[in-house]
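The values are calculated or read from the model by the stated rules, or taken from the named source; none is laboratory data. The model shown is predicted, which means the values in this text are computed figures rather than measured ones. Every residue, glycine among them, receives a Cβ derived from its backbone with ideal geometry; neighbour counts consider all protein chains shown.
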Amino acid sequence: MKYIIIGGDAAGMSAAMQIIRADESADVTTLEMGGIYSYAQCGLPYYIGGLTKSSDDLIARSRDTFDEEFGIDARVYHKVKAIDGEKKIVSGVNLKNGQSFELSYDKCLLATGAAPIIPPFDGADLEGIHTLKTIPDAEAIIEDMNENVSTVTIIGGGYIGLEVAENLVEKGKTVRVIDQAERLGSAYDKEISEQIEQEAKRHGVEIVTSESVDRFEGEDRVQSVVTNKGTYTTDMVIVAIGVKPNTSMIDSSHVHVADNGAIVVNAYMETNVPGLYAAGDCATQYHRIKQKNDYQPLGTHANKQGRIAGINMSGGSQPFQGIVGTSIMKFFDLTVGKTGLGEKEAEDLGIPWDSLSFEGHSHAGYYPENEALLLKILSHKETGHLLGLEAVGKTGIDKRIDVAATALYHKMTMADIENLDLSYAPPYNGVWDPIQQAARRMK
Ligand SMILES: Cc1cc2nc3c(=O)[nH]c(=O)nc-3n(C[C@H](O)[C@H](O)[C@H](O)COP(=O)(O)OP(=O)(O)OC[C@H]3O[C@@H](n4cnc5c(N)ncnc54)[C@H](O)[C@@H]3O)c2cc1C
């Protein structure tokens, strides 16, 4: 059986490893347009900040390892330009020598990820304007961030923009974040994002909200960002306003895609074209609470979907169980997390909800290092089922988010959560976990 995998990172190589484990005679070719395989994009902000010393530390397995240890024909600089789903042929160009290639397959996986969005702003091609997606992107930022760069403007106050902001402050830069939304961290409810803004201000980050970028100005190099309301001098810009699925190689009149271009897959990671699969940031994810396909481009989903694609491509039958929308980030001294729906999402879906903001403590109040935390819990107004949890604080946030993510997966009600047998000793919790205290008040 001939397998072709397009994209050599999280989803693609998770699939490749499953295939070679399940099918000893598998003929696996992976086509990657970049020069690096299997690396952690999630670590890029910390590489820029200097916490992760070498980009090699971000690479899980090299191309040579896949090739020599696992017998995968792992090609670099091979950019796929088209897929003929009927003839089962993939074609493209070798970016190193300019030669075209054409390969046939029995099963093919699209694991091409997503690319940063840069709107066609005037001046977007000036020097000093960056995006962050790959190791070469991070290296370009580090190289560019010399002593002449003192002010950096980040466009976009989502998790990537915020993680980069923190790391640039750690590097001694003056950082400004511009977002067209009313607040930074607008994926969170207001109570939570207010704490993100306070933390940003506490660390000297300039916040510009409710302004949209119009253009960049400068001679050869960017010197200012012009919004609909003002002009901001800057030495460097990082654009982090979201990503778009890399799906230009498919013919969308044959392969079903969502409104944003993500490839629609079923639970087995199959597209509507026989033999063609998709996984990770280029594909949709079924959302268990929304009960429909969604698009949340995260490494957690890419690894799971890739693994499931590989299992099913090589003869297995395992459905992807879907996501509940869980994420977490560090922002200076805070951890901020979310699982399930926020108020606006519930509103947009027409789900009747109740919510509560609850101020609790990470562990027993009398034990040292006890920290305040804020939970925002959402439940179904009629059934009492948990709909979502957002949390912010200095410590203990990951634990509460993961309990809530588990509760969401198992469709638990407020009463179920109150009855959970959660661990307790003073250095770790109060006798009633803050989630249980919040759930009790919601009953
Ligand atoms: C700065 C940053 C921080 C992040 N932090 C987190 C985090 O904390 N937690 C989390 O869950 N997620 C995080 N993510 C997201 C996570 O990294 C992605 O969701 C994940 O990498 C997606 O994996 P993927 O395999 O689907 O796509 P990618 O990792 O993007 O890999 C796709 C590969 O396909 C290749 N490709 C694309 N088009 C073609 C083509 N035409 N031909 C050949 N090859 C092609 C690309 O070169 C790329 O190597 C972060 C992302 C970034 C950028």
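Go through the residues of segment 320-342 one by one and say whether even a single one is part of a helix (DSSP H, G or I) and surrounded by 15 or more Cβ atoms within 10 Å (Cβ to Cβ). Before the answer, list the steps.
Step one: list which residues in segment 320-342 are part of a helix (DSSP H, G or I), which gives none.
Looking through segment 320-342, none of the residues is part of a helix (DSSP H, G or I) and surrounded by 15 or more Cβ atoms within 10 Å (Cβ to Cβ).
Only residues that are more than 11 Å from the ligand (Cβ to nearest atom) and assigned to a loop (DSSP other than H, G, I, E, B): list them for segment 128-149, please. 128, 145, 146, 147, 148, 149 - these are the residues of segment 128-149 that are more than 11 Å from the ligand (Cβ to nearest atom) and assigned to a loop (DSSP other than H, G, I, E, B).
Could you check segment 57-91 and list, in sequence order, the residues that are more than 15 Å from residue 39 (Cα to Cα), outside any helix (DSSP H, G or I) and touching a helix residue (DSSP H, G or I) at 6+ places or on another chain (Cβ under 6 Å)?
Residues of segment 57-91 that are more than 15 Å from residue 39 (Cα to Cα), as a first pass: 67-73, 75, 77-91.
Okay, now just the ones that are also outside any helix (DSSP H, G or I), so 71-73, 75, 77-91.
Residue satisfying the conditions is 72 alone.
Residue 197 passes every criterion in (1) within 16 Å of the ligand (Cβ to nearest atom); (2) not in a loop (DSSP other than H, G, I, E, B) apart from (1). Just wondering, is there one or more residues in segment 399-409 that are of a type in the set (Ser, Thr, Tyr) and under 23 Å from the mean Cα position of the chain (by Cα)? Yes - at least one qualifying residue is present in segment 399-409. Screening the candidates 50, 7 for the property of being at positive phi and within 12 Å of the ligand (Cβ to nearest atom) yields one hit, 7. Only a single criterion out of (1) more than 15 Å from the ligand (Cβ to nearest atom); (2) in a helix (DSSP H, G or I) is not satisfied by residue 308, namely (1). Within segment 375-384, can one find any residue that is touching a strand residue (DSSP E or B) at 6+ places or on another chain (Cβ under 8 Å) and within 20 Å of residue 428 (Cα to Cα)? Checked against the condition, which is being touching a strand residue (DSSP E or B) at 6+ places or on another chain (Cβ under 8 Å) and within 20 Å of residue 428 (Cα to Cα), segment 375-384 yields at least one hit. Restricting attention to segment 277-303, the residues being surrounded by 22 or more Cβ atoms within 10 Å (Cβ to Cβ) and either within 15 Å of the ligand (Cβ to nearest atom) or not assigned by TED's automatic domain parsing to the domain that holds residue 30 (or both) number 11. With respect to the conditions (1) more than 30 Å from residue 303 (Cβ to Cβ); (2) away from the ligand (no atom under 16 Å from the Cβ); (3) buried (at least 20 other Cβ atoms within 10 Å of the Cβ), residue 152 lacks only one, and its number is (2). Screening 18, 99 for residues that are in the same structural domain as residue 304 (by TED's automatic domain parsing), away from the ligand (no atom under 13 Å from the Cβ), modelled with pLDDT of 95 or more and touching a helix residue (DSSP H, G or I) at 6+ places or on another chain (Cβ under 8 Å) leaves exactly one candidate, 18. Please state which one of 417, 377, 397, 435 is crowded, with 23+ Cβ neighbours inside 10 Å and in contact with a Lys or Arg (Cβ under 7 Å, 6 or more places away or on another chain). Only one candidate qualifies: 435.
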